[in-house]
1. Please list, ordered by residue number, the helices (runs of 4 or more DSSP H) wholly in the stretch 315-400 having 2 or more residues that are of a type in the set (D, E).
2. Being of a type in the set (S, T, N, Q) and at pLDDT 90 or above is the requirement here; does T298 meet it?
3. For the structure I just gave you, tell me whether V183 is modelled with pLDDT of 95 or more, under 14 Å from the mean Cα position of the chain (by Cα), over 21 Å from A147 (Cβ atoms) and not assigned by TED's automatic domain parsing to the domain that holds R348.
4. Please state which of the following conditions S95 fails to meet, knowing it meets all the rest: (1) among the polar types (S, T, N, Q); (2) out of contact with any helix residue (DSSP H, G or I) (no Cβ under 9 Å at 6 or more places or on another chain); (3) within 27 Å of A304 (Cβ to Cβ).
5. When the stretch 196-221 is examined, which residues are found to be under 20 Å from W274 (Cβ atoms) and touching a Gly at 6+ places or on another chain (Cβ under 8 Å)?
6. How many residues, within the stretch 94-116, are under 15 Å from A323 (Cα atoms) and of a type outside the set (S, T, Y)?
7. Quick one: which of G364, G311 is modelled with pLDDT under 95, exposed (fewer than 13 other Cβ atoms within 10 Å of the Cβ), closer than 27 Å to S421 by Cβ and small (G, A, S)?
Amino acid sequence: MSPAGTASLTTTRPATTHAAVPAPGSASTAAPVRPRRNADATAPRDLPRVIGAGAAVPLDGGGSVPYANFDYAASAPCLESVQEAVTRALPYYSSVHRGAGYASQVTTEAYENARETVRGFLGAWKRDAVVFTRNTTDAMNLLAHAAPPGTTAVVFETEHHASLLPWKRAVRLPAPASPQEAVAAADRALREAPAGPRLLVVTAASNVTGEIWPIAELAATARAHGARIAVDAAQLVPHRPLDMDALGLDYVAFSGHKLYAPFGAGVLAGRSDWLRAAGPYLKGGGASAAVTGRGAATRWSADAQQRHEAGTPNVLGALAVAAACETLAGTGWDALVRHEERLLAKLREGVAAIPGVRELTLWGEGVPRVGILSFVVDGWNARDAALTLSGTYGIGVRDGRFCAHPFVRHLLGGAGREAESAVRASFGIGTEDEHVDRLLDALRRLAGAAGERRAG
C-alpha cells in the first residue's frame, strides 16, 4: 500500500540597549573569538545533523558569523532526517481515517505507524493511549481536562507553567532542597491530600537548571499512595532515553519542537481510562461516533486517542515527531550523552571561573543534568546581556523567567526581586566546541565591562 519509506515514518534585530558594551577589537578588550574550524570544534561524526548548522547571522558592527544557537530548550533546530521524512510524505499527504482514496489510506497508515513509533520510543504499554497534541502545554491541559472530578494534583513550584497551571485543584509544594527532599515532600503531600483521585505532576528535567529529577523514586511514591504520576518530559526526551514501563509512569507529555521536530506537534501518552471516560477535549469530526437528530445525545468515539484528536490532525507534525524518535533511538544514546556531557562540563567550569557570572542551580553539584544552564551577570540586565550576545557575538540565548516564574524568583532570591530575570543557554545536537568557547569569551567581556563601570 505505502510507497517506500512512507509507512515507517516513524530580521531586523534590535540594537543593544547597553551603552557600555565592549566593542570587538576596542582598546579595552582583545579581539573577539571568531569561529575556528578544526577537529575539536565540530560535533562528532556519529551524531545526526541539524538544519541550519553554520548559518550566518549579522553583527551590529557589520559582517557576520556562523550562528551559535544556545536556545534549544525553547525550540531545537530540525534534524535533517526529520525534514527528509516530511518531504517523503508530502506527495501522498491527505486527510486521515475516513478517506477511501489511495493517498488517504497511505497517510492514515503512516499516521498510525507514527503513533506506534512514539509508543516504542517512550516504552509505553500497548494498551496506553498515545494522543497527538500541539505541544506539552496542550498535552497537560488535555490531561487536566480528562482527570476525574475532585482530582487533587500535587505539583512543585519549580514546574514549567504547562505543568503548574492547568489543574482545577492543586497542592503546590515549595522548591525542595534536594532530590531526597522532593521525594519526601511528595510523600507527605499525597498522604495528606483530600480523599479522591490524586495525581503527582513532576518534571523530568528542569527547563531552568537542566537538573534531572528522581522520577523513578517519585513514581514509586505515587504508587505507594494509590496515586498516579504525570511527567513533563519536554526537556528530557531530546537528551536521554525514557522508559515509561520500567519507571512506572502513568502519563508522559512532550513537545516535538524541542525534540528536533519543529512542525507543531506534541504527545500525551499514558493510561487510557481517564481519557476514555472524559468528554472530548475538542468537539468535532473524528471525536464523534454518531451524531443523530435534534435532541438526541451525541455518541463519542470509544477510542481514547481519536476521542481527543477532533478535526484533521497535524499529520505532518506527527510524522516529524516519529522521525525524530527513530533518529535518536537509531543513533544510540551513548554518543549523544557523551557529546552533551562534555560540552556541559566545559561550559559550567568556564562560567564558574568568571567573576561576576553566577549559575542558577537548585541542588548544586552531584546531580545529573541535561544541556541547560541559566545564569546572571552582575551589573547586566538579562535582556541587555542577551541582546549583546546576539548583536556583538552572534550567540542566541533566552532571557526572562522561562515560563517558570515562581522557580526563577526562588533561584534569584525571593519574590522581592520579581522584576529580575536570568539568561539561559541550552544546547544539544549541532552544538560545537567553538560555540561554547565563543559564549565563554563573550561572558568574560560582559563581566569585565561591568567591573570597569563599577571601578569607574
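The values are calculated or read from the model by the stated rules, or taken from the named source; none is laboratory data. In this text the structure is predicted, and so the values were computed from the model without any measurement. When we count neighbours, we look across all protein chains shown, and the Cβ atoms used for this are built from the backbone with ideal geometry, even at glycine.
1. 333-352
2. For T298, the condition - of a type in the set (S, T, N, Q) and at pLDDT 90 or above - is not met.
3. In short, no.
4. (2)
5. Within the stretch 196-221, G196, P197, R198, A219 qualify.
6. Residues in the stretch 94-116 being under 15 Å from A323 (Cα atoms) and of a type outside the set (S, T, Y): 7 in total.
7. After ruling out the rest, the residue left standing is G364.
The rows are residues; the columns are (1) under 23 Å from P262 (Cβ atoms); (2) modelled with pLDDT of 95 or more.
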residue	(1), (2)
A41	no, no
G61	no, no
P66	yes, yes
A85	yes, yes
H97	no, no
E109	no, yes
